[in-house]
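Worksheet: the structure to be examined is printed underneath.
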Amino acid sequence: MSSDIKEKTELHHIERKGTVDQLSSGADSYNEQDISSDIHAPVVKSEAEKRFVKKLNWTLLPFVWLIVFIQFADKSSLSLSAVLGMLQDTHTNQSQYSLLGSVFYIGFILFQIPNNYLIQRLPISKYLGSLLILWGISVGCTALCQNFTQLVVCRVLLGLFEAGTYPCLYIILNSLYRRQEQSACFGFLWMSNGSGTIFAVLISYGVAHLDDAHGIAAWRWNYLVFGILTVAIGIATFFFLVDSPQSKYLRLTEEEKKIVELRTQDNAVVMERTVKVSHYWESVKEIRYYLVILAAFCNNLSNGGLVVFSTPFVATLGFQSLNAILLQIPSATISALFVLLAVVIHRKTNSMSLATIACGGIAMIGCILLACLPHTAVKLLGYYLAWGFNGSYVMLLTLVANNVSGYSKKIWYNASVMVAYTLGSFVGPLVMLDYEAPAYRSGMIIFVVGNLVVVACICLSLFLMKRTNTKRIAGRTSGKTDAHLDLTDKQDANFVYKL
């Protein structure tokens, strides 16, 4: 460490000595694991901590599920509405429909920079709740659209207000859960996409039978229902979301306060209101940063293409519109299973590389089948396997969550991943070329290459971190650095990367 960081460490140690002594005397069962130099060894939790984690899960995760469910439902409403008459009613052609899939991400990108600042300066529950209410209004207004231009405006606004969702949820999970728990946390978050889609599809299927009810077309009902649901979830989020380890909704006992402090030391995330630009500069000088961005971009080429074209694509395989909607349920289920597969492989083998290779390889096989098989119902096999990219993405999120420290730096990384996610999702629908419909062979080949790049980037990132670990462990003289110092993983010589 540099001399100024050393001085800061020593001063902070003196200031916090009383707190550390108190923790040590009141939580002897945690002391050994807190100072352990072997950060790869799994933490053995006490019964008290297990009870706390159970309480945390039941207090926080239902909100995470609801927010992710409604976010994915609102975003995928375009695909569902496309087979319910929206294109005809708004005089939108196929080229314009492709553009609608992409313009959403214009708002998504534009808001990432201010979001990066606001997420650190405002209470997350109030901020995210407000965004949910605003995007719910945007969804509801889409039901009033009469032409393509109005659809574009609503889609851009929807992207703008949804832009803060995942960065907010990422930083909440980063701050509340131990590093060893975070692959399961991000797995739950991404499985919420799949399970949320099932509920969204069932709702849309029911709404499809409301065609012309009260003179309103089914696709308009679709947007009205989801708009109202989004606003309701936004209000609940504003008032009741657990957004920090000290949230009043956790009702912490004195024993749990000590547990929370020790968990904070483990995950090295302390919420700071001060924005540290130096953390941003450190990020952009790292090779790992660009590998993460490239992986996020390539991973979400498939995401953008398959989500926007999912229902219309399945409909071209010989299924009627309503059946095409229902056939999104198996794809959502399989998507969730791929995430579960990645989490299980990671937790059983303690290897992000193996989990990434497994899911990325399956996704590649799926895209190859989509490119090569005749355009009949047999293509559903390739279509379902292609969703394996969700498992790879969970490992990418876990890599960032486990291995980036420093609050501003972690927020910057999360925001950068979202920008890359957005760009990939923006480009994805554009490579589905009109003249290749309905097979979109070139797009599928691009998705194959994208999945290959994801696997390569994650494995190379892990190799670079492993090399740093070898040097740090060899010269390590102390157990851990106080997380309240808010040092980055580069500044903290005691920080060992999880692989």
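Quick note: the coordinates plus some simple rules give every number you see, no bench work behind them. Here the structure is a predicted model, which is why all the values come from computation and not from measurement. Quick reminder, even Gly has a Cβ in these numbers, built from the backbone with ideal geometry, and neighbours come from all protein chains shown.
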- Message: With 13 Å as the cut-off, how large is the P(r) tail for the stretch 90-161, expressed as percent of Cα-Cα pairs?
- Response: 67 percent
- Can you list the HN-Hα couplings for the stretch 277-286, worked out from phi with the Karplus curve (6.51, -1.76, 1.60; θ = phi - 60°), rounded to whole Hz and with x for Gly and Pro? 5, 4, 5, 5, 5, 4, 4, 6, 8, 9
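Which order do peptides 443-449, 378-384, 463-469 fall in by mean Cβ count within 10 Å, highest first?
Values: 443-449: 21.4, 378-384: 18.1, 463-469: 14.4.
In decreasing order of mean packing, 443-449, 378-384, 463-469 become 443-449, 378-384, 463-469.
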- Evaluated over the stretch 332-436, the Cα radius of gyration and Dmax, each in Å: 15.9, 51
- Note on the structure: Relative contact order as a percentage, the stretch 161-261, C-alpha pairs under 8 Å and 6+ apart, gives 20 percent
- Task: Could you work out the equivalent-ellipsoid semi-axes for the stretch 385-499, taking the square root of 5 times each eigenvalue of the Cα gyration tensor, largest first, in whole Å?
- Result: 37, 15, 9
- Message: Binning at 10 angstrom from zero up to the longest distance, how are the C-alpha pair distances of the stretch 348-395 distributed in percent?
- Response: 31, 42, 20, 6, 0
- Packing-ranked peptide list from 365-371, 44-50, highest mean Cβ count within 10 angstrom first, is 365-371, 44-50
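Per the Kirkwood treatment, what hydrodynamic radius in Å, one decimal, follows for the stretch 68-124 from the mean inverse distance over all distinct Cα pairs? Intermediate values should be presented prior to the final figure.
Working: mean 1/r = 0.0743 Å⁻¹.
Taking every pair of different Cα atoms in the stretch 68-124, averaging 1/r and inverting gives 13.5 Å.
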- Item | Relative packing of 263-270, 215-222, which averages over residues the other C-beta atoms within 10 Å, highest first | 263-270, 215-222
